[in-house]
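Data first, discussion second: the structure below is written as structure tokens.
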Amino acid sequence: MLIDRALDELTKKNRVVVGFDLGNEYSQISYCRQNQSMPDTVSLVMGEEQYNIPTLLCKKNDAEGEAAWLIGKEALKAAAEGQGVLVKDLLLLAKNNVSVKVGMSSLSEEESSAEYLLEMFVKKALAVLSAYIVSEEIAAVAFTMTDINTGVMEMLRKISCHMSQRKMEVYFLSHEDSFFQYIIHQPQEMWIHDVLLYDYKSDGIKSYLLSMNRKTNPVACFIDAVRYPQMKMPDLSDKSGTAKGAFLKQLDSELLEIVRKNCDQRVITSVFLLGDFFSKDWCKESLRYMCRGRRVFQGNNLFSKGACYGARERVYPSTLSTSYVYLSEDKLRANIGMTCDRGQAEVYYPILDAGTNWYEAQSTFDVMLVKNNAITLNISPVDGRKTRVAKISLEGLKVRGNKTNRVGLRFYMEDANAVQIEITDKGFGEFFPSTGQIWKECLPLEAIT
């Protein structure tokens, strides 16, 4: 028995967590083990930093008429050579749950659901990992996206169930959450003060400003995200050298204005630049300003690495999980728990933790009522406000006082605004059958923050 337990622990330590940055244009995959200092990112070419996997599919028919799905650059190549039909906007199709017809002609067209197309891409993309790890080693996958969509989340949960014979946990993080996870796993001198991130995609720049309130315990972290669509980079291939230079100089000036506003009256320790559009060839003045007393980093795989760190914190929690909490509009901003009798002593039982995404916040357990027909909750905001108490009365339930009143509690959230509580009388075996009573309560988040 002890040997089996030791082997289980050894196997767990050797398993891998994966961060999957799923975008409508391109995706990235990073992975790491428990004690690995920094995640690795899958490159399409060994030895090079080609991390972007175009989020595309191509249905290619071979000489025998058998269909095969290709992804990324292989899909682009096959479609360009007329060997198949390219399917774009996979994430957008999934968000809208739209089916599309795929085929070389109207006679060979087959309708494919958005979920099926997304499944083909995710499976093929994760298969690229086979060059680095064995698929059975994956303990968890954390998907990170610009915008979290509940429909896409449900599709990805179903898809993940089809991918591995072993149990594989699935988590979801926004890009803000992935940014937070990445930063707190870096050396502390990089985030002594605020941290800036600029993500440059085809639709413009999105800035993320990370700040921390170090007076709270745990440290409350906040991210202010702003989009700058006016910074969209157009196709300059048909421009003359003079016109192109004038445009880029104006773009540099606009970026410098954005950076100045972000840094005004703030102490910024580090700045991260994501995306291939950033270049020393055009943003010279902006870079010069950023580098004044700040550390500046450039790359494009921060979100997938951040998601990987986030997945590892779920599977192998570290002290960072309890020391720092990222609070956003999607996050629960208070710890919810209750005080229970445990023999001769009272103990605190945590129910929902601050920093949990509302769409992942849930807890189910049973309790015995001893003194009265009420459930008392302790609500502790992480912004420094005093702990308050909420009492839920179970009207119509008679408490016998001999530990024979068992009730089931279920906590969950349907949106970001309130915690739903469902309490069910479960009775006590054959001696005291359940009355079938169910009590429902809604705890607005405004009241607890």
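The values are calculated or read from the model by the stated rules, or taken from the named source; none is laboratory data. For clarity, every value in this text was computed on a predicted model and none was experimentally measured. Ideal geometry is used to build each Cβ from the backbone, glycine not excepted, and the neighbour counts take in all protein chains shown. Accessible surface is based on the protein model in full, side chains and every heavy atom, while ligands, DNA and RNA are left aside. Shrake-Rupley method; radii C 1.70, N 1.55, O 1.52, S 1.80 Å.
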Open item on the list: Give me a comma-separated list of calculated 3J(HN,Hα) values for the range 17-27, in order, Karplus coefficients 6.51, -1.76, 1.60 applied at θ = phi - 60°, integers in Hz, x for any Gly or Pro.
Closed with: 10, 10, x, 10, 7, 9, x, 6, 8, 8, 10
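With a 1.4 Å probe and all protein chains left in place, how much of the accessible area of the range 174-316 comes from carbon and sulfur atoms, in whole percent? Each step should come with its number before you reach the end.
Details: 3210 of 6790 Å².
Summing carbon and sulfur atoms, their accessible area is 47 percent of the total for the range 174-316.
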Open item on the list: Could you check the spin-label model distance between Lys215 and Gln186? Points 7 Å from the Cα along Cα→Cβ, value in nm.
Closed with: 2.7 nm
Task: Relative packing of 20-28, 425-433, 167-175, which averages over residues the other C-beta atoms within 10 Å, highest first - done: 20-28, 167-175, 425-433
- [ ] Give the label of the value calculated from the structure for percent of Cα pairs over 35 Å apart, choosing from [x] 28; [y] 31; [z] 43.
- [x] [z]
Task: Within-14-Å neighbourhood charge of Asn300 [Cβ basis; K, R +1; D, E -1] - done: -3
TODO: Leaving out ligands and nucleic acids, note down the accessible area per residue over the chain with a 1.4 angstrom probe, in whole Å².
DONE: 52 Å²
Open item on the list: Tell me the net charge near Ala220. Cut-off is 12 Å between Cβ atoms, Ala220 excluded, with +1 for each Lys or Arg and -1 for each Asp or Glu.
Closed with: +4
Task: MRE, 222 nm, helices only [DSSP H, n ≥ 4, -39500 (n - 2.57), over the chain, to nearest 500] - done: -8000 deg cm²/dmol
TODO: Would you kindly state how much longer the chain becomes between Glu329 and Asp238 on full extension, computed as 0.36 nm times their sequence separation minus their alpha carbon distance, in nm to one decimal?
DONE: 28.4 nm
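As a test of understanding, state the convex hull volume per residue of the range 213-324 from its alpha carbons, in Å³. Mind dumping the intermediate values first?
On the way: hull volume 14.7 nm³, N = 112.
Looking at the range 213-324, the number lands at 131 Å³ per residue.
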- [ ] Return the distance in nm (one decimal) between the two label points of a simple spin-label model at Tyr289 and Ser318, each offset 7 Å from Cα along Cα→Cβ.
- [x] 3.4 nm
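About its Cα centre, what dipole magnitude does the range 380-449 give when the only charges are +1 on Lys and Arg Cβ and -1 on Asp and Glu Cβ, stated in debye to the nearest 20?
Numbers: 11 positive and 9 negative charges, 93 e Å.
Here the size comes out at about 440 debye.
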Task: Neighbourhood net charge (12 Å Cβ-Cβ; Lys/Arg +1, Asp/Glu -1) for Glu441 - done: +1
Task: From phi via Karplus (6.51, -1.76, 1.60), per-residue ³J(HN,Hα) for the range 151-160 in Hz, x at Gly/Pro - done: x, 5, 4, 5, 4, 5, 5, 5, 4, 5
Task: For the range 81-205, with +1 on Lys and Arg beta carbons and -1 on Asp and Glu, the positive-most of Met190, Gly151, Phe179 along the dipole - done: Gly151
- [ ] With +1 on each Lys and Arg Cβ and -1 on each Asp and Glu Cβ, and nothing else charged, work out how big the dipole of the chain is about its Cα centre, in Debye to the nearest 20.
- [x] 1460 debye
Open item on the list: Going Cα to Cα from Lys60, which lysines come in below 24 Å? Please leave out same-chain ones fewer than 8 positions away.
Closed with: Lys73, Lys77, Lys88, Lys101, Lys123, Lys124
TODO: Mind giving me the nanometre distance, one decimal, between the label points for Met368 and Ala67, set 7 Å out from Cα along Cα→Cβ?
DONE: 5.9 nm
Task: Part-to-part distance (alpha-carbon centres) for the range 200-265 and the range 293-309, which is given in Å - done: 15 Å
